[in-house]
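The values are calculated or read from the model by the stated rules, or taken from the named source; none is laboratory data. As the structure is a computational prediction, the values presented were derived from the model and not from experiment. Please note: Cβ atoms are built from the backbone with ideal geometry, for glycine as well, and neighbour counts cover all protein chains shown.
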Amino acid sequence: MAKKVQKAAKKAVKKTAAEKMAKKSAAKKAPAKKVAKKKSARKVSPVMLILLTPSTTLSAVIGSKPLPRPHIIKKVWEYIKKNKLQDKKNRRMINADEKLKPFFGGKNQVSMFDLAKFINKHAK
């Protein structure tokens, strides 16, 4: 009789183990859907919102109205593209015209990477 009880207990343990495996496989088959998080709006650095007054040489190109640095850069690039001042062979170089020559410190041609240096000098 003790053997019968042991066999019954083993069957009960096997059933519970089988039930656990069934639950695990069911969980694997149908994973819960994840809710996509909403992307928060990109925050602008307060430094980028500071209004800078352009010097007289820079105001000849973009106007005399105080603007934040990103807007100044954008207006300078608009002027360069509008007047087709990028070098045809080497697009990284910008050719100076009458308005840009004093802004570039008298140079005929400067690299686009030097624009930030000149904007720092002419916008306070």
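Among the residues of segment 47-62, how many are surrounded by 12 or more Cβ atoms within 10 Å (Cβ to Cβ), without any contact (Cβ under 8 Å) to a residue 60 or more places away in the chain and of a type in the set (S, T, N, Q)?
Count: 1.
Restricting to segment 63-90, name every residue that is without any contact (Cβ under 8 Å) to a residue 12 or more places away in the chain and assigned to a loop (DSSP other than H, G, I, E, B).
SER64, LYS65, LYS84, LYS88, LYS89, ASN90 - these are the residues of segment 63-90 that are without any contact (Cβ under 8 Å) to a residue 12 or more places away in the chain and assigned to a loop (DSSP other than H, G, I, E, B).
Hey, any hits in segment 98-110 for a residue that's modelled with pLDDT under 95, in contact with a Pro (Cβ under 8 Å, 6 or more places away or on another chain) and not in a loop (DSSP other than H, G, I, E, B)?
No, that holds for no residue.
Give the residue that is farthest from PHE118 (Cα to Cα), with candidates limited to residues of segment 63-92 that are basic (Lys, Arg) and either touching a Pro at 6+ places or on another chain (Cβ under 9 Å) or surrounded by 14 or more Cβ atoms within 10 Å (Cβ to Cβ) (or both). Give the steps one after another, and end with the answer.
Restricting attention to segment 63-92, the residues satisfying the condition of being basic (Lys, Arg) are 65, 69, 74-75, 81-82, 84, 88-89, 91-92.
Adding the requirement that they be either touching a Pro at 6+ places or on another chain (Cβ under 9 Å) or surrounded by 14 or more Cβ atoms within 10 Å (Cβ to Cβ) (or both) leaves 65, 69, 75.
Working: LYS65: 18, ARG69: 12, LYS75: 14 Å.
Filtering first and then ranking leaves LYS65.
Could you tell me how many of the residues in segment 34-55 are farther than 27 Å from PHE103 by Cβ, of a type in the set (A, V, I, L, M) and under 22 Å from the mean Cα position of the chain (by Cα)?
2
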